[in-house]
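Asks: Take this structure first; my questions come after.
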Amino acid sequence: MDFPNCTEGVFATNCSVNDSLDTTKLPPSKILLTMTLSALAILTTFFNCLVITAIAVTRKLHHPANYLICSLAVTDLLVAVLVMPFSIMYIQKQTWLMGQVVCTIWLSVDITCCTCSILHLAAIAIDRYRAITDAVEYSRKRTGARAGAMVAVVWLLSILISLPPLIWRHYSGDSEQEDQCIMMHHHMAFTLYSTLGAFYIPLMLILILYYKIYRAAQTLYMRREASRASRHSCMTNGSMIPSSYPAGEGADDGGPPSPEPVSPREKSFSEPSTEEPPRERVRASVKAFQSKSRRKESRTESRNESRRSQFSQGPRISGSRERKAASTLGLIIGAFVVCWLPFFVKEVIANTCGSCSTSMEMADFLTWLGYLNSLINPLIYTIFNEDFKKAFQRLVRCSHYL
């Protein structure tokens, strides 16, 4: 423990003056850290506001599935506006200057909003799982009212998870802890209750559901590839059903059509003043018919080639979609685990092990690593959606919306 280099008596005033001068001068590393954290808070605010505005003004995005995305963006916006600024001031001053009432309010908002953000990710996983495994039935149940009910349940669970540790928060009687604002209790039950409800149970739920989503998507792709392969084999074996062609194309594949009589318009192409003999007119009509039949055959062959190439590229397209889906799920799960797992591991160790302790710098780093998830969420959950991309482009260009 470091002690201040001060003496009592007449030198006490000089010591306090020097301390005040030292505290007014921030080191460059502290200034750089403050600027970096402020930039993260501004970016988190900007991107979440962009998602909320895009959903609000774009009618194409007014879908029950996007209501959960919008609620997640609102929650992450609250983290950026109500939690991050106070944390930046706390890190900069290294002491809490706003009293214990404001400290309790800040901690309650911090824990509730972060828990709500995590539970939103679990709710989105549940929604996507039901949409892909029970698409027909769930499409009828997937209404705005049901999405609103899911959002209400998420907020209610977040409050129920964060309230008990706040109510039974341990206030230390040491004078060293009077100027600190930390969640500190030594009750094993509250530690397990808060960490399991806020992170570990949602983590297991997200991992299981996204694994099942990936398996279900893989099964759908395999079924589509099998259907494409069967249709391709039917085409190559010459057993395509004639009714599958549009009207007017059946004659092209069923053999050469019967010669058509020359229409009056085709007769008028030969001027009467030339006075062609009947034999020359017959040759001209035969040549016109042959060129017309060759054009029809070439068009039919090109259509068949395009169908064959489409069927042959089916497995490759579905494979690329499968890889894209796997990479998207990997980004979602990876970002969530990297941002929040270290923090909750530290929370379990610090509140259950009496002799274990972490430095203030490490605690702040792990806390802000969790806050970083509020910046990543609006990027991951919208950047792979073409409708959101177009809405963002229109927002940035300040254009009109449909």
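Asks: Any idea how many residues of segment 347-360 are assigned to a helix (DSSP H, G or I), surrounded by fewer than 18 Cβ atoms within 10 Å (Cβ to Cβ) and either under 27 Å from the mean Cα position of the chain (by Cα) or of a type in the set (S, T, N, Q) (or both)?
Replies: Selection size over segment 347-360: 1.
Asks: Now a separate question. Which residue, of 303, 281, is surrounded by 14 or more Cβ atoms within 10 Å (Cβ to Cβ) and modelled with pLDDT under 90? Steps first, answer last, please.
Replies: Details: 281 fails: surrounded by 14 or more Cβ atoms within 10 Å (Cβ to Cβ).
Unique residue meeting the criteria: 303.
Asks: Exactly one of (1) over 24 Å from residue 368 (Cβ atoms); (2) hydrophobic (A, V, I, L, M, F, W, C); (3) modelled with pLDDT of 95 or more is unmet by residue 163. Its number?
Replies: Failing condition for residue 163: (3).
Asks: Restricted to segment 361-397, and to residues that are more than 22 Å from residue 112 (Cβ to Cβ) and of a type in the set (D, E, K, R), which residue is farthest from the chain's Cα centre (by Cα)?
Replies: Result: 361.
Asks: Taking segment 144-158, which residues are surrounded by 12 or more Cβ atoms within 10 Å (Cβ to Cβ) and over 18 Å from residue 202 (Cβ atoms)?
Replies: 146, 147, 148
Asks: Which condition does residue 85 not pass, out of (1) surrounded by 12 or more Cβ atoms within 10 Å (Cβ to Cβ); (2) farther than 30 Å from residue 386 by Cα; (3) modelled with pLDDT under 90, if it passes all the others?
Replies: (3)
Asks: Small (Gly, Ala, Ser), closer than 19 Å to residue 390 by Cα and modelled with pLDDT under 95: which single residue out of 12, 73, 65 fits that description? Lay out the reasoning, then the answer.
Replies: Values: 12 fails: closer than 19 Å to residue 390 by Cα; 73 fails: modelled with pLDDT under 95.
Going through 12, 73, 65 in turn, just one is small (Gly, Ala, Ser), closer than 19 Å to residue 390 by Cα and modelled with pLDDT under 95: 65.
Asks: Any residue at all in segment 364-377 that's surrounded by 15 or more Cβ atoms within 10 Å (Cβ to Cβ), at pLDDT below 90 and not polar (S, T, N, Q)?
Replies: No, that holds for no residue.
Asks: So, one more: Take the conditions at pLDDT below 90, surrounded by fewer than 22 Cβ atoms within 10 Å (Cβ to Cβ) and either farther than 30 Å from residue 33 by Cα or of a type in the set (Lys, Arg) (or both) and apply them to residue 140. Does it pass?
Replies: The answer is yes for residue 140.
The rows are residues; the columns are (1) in a helix (DSSP H, G or I); (2) crowded, with 22+ Cβ neighbours inside 10 Å; (3) within 15 Å of the chain's Cα centre (by Cα).
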| site | (1), (2), (3) |
| --- | --- |
| 50 | yes, no, yes |
| 53 | yes, no, no |
| 60 | yes, no, no |
| 68 | yes, yes, yes |
| 73 | yes, yes, yes |
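Asks: Further question on the same structure: Please determine whether any residue of segment 135-155 is assigned to a helix (DSSP H, G or I) and closer than 16 Å to residue 347 by Cβ.
Replies: No, segment 135-155 contains no residue that is assigned to a helix (DSSP H, G or I) and closer than 16 Å to residue 347 by Cβ.
Asks: Would you check if there is a residue in segment 105-112 being in a helix (DSSP H, G or I), of a type in the set (Asp, Glu) and farther than 30 Å from residue 215 by Cα?
Replies: Yes; the residues of segment 105-112 include at least one that is in a helix (DSSP H, G or I), of a type in the set (Asp, Glu) and farther than 30 Å from residue 215 by Cα.
Asks: Determine which member of the set 43, 33 is modelled with pLDDT of 85 or more, part of a helix (DSSP H, G or I) and more than 17 Å from the chain's Cα centre (by Cα). Spell out how you get there, then give the answer.
Replies: Numbers: 43 fails: more than 17 Å from the chain's Cα centre (by Cα).
It is 33.
The values are calculated or read from the model by the stated rules, or taken from the named source; none is laboratory data. Keep in mind the model is a prediction, meaning the values are calculated, not measured. Cβ: placed from backbone, ideal geometry, glycine included. Neighbour counts: every protein chain shown.
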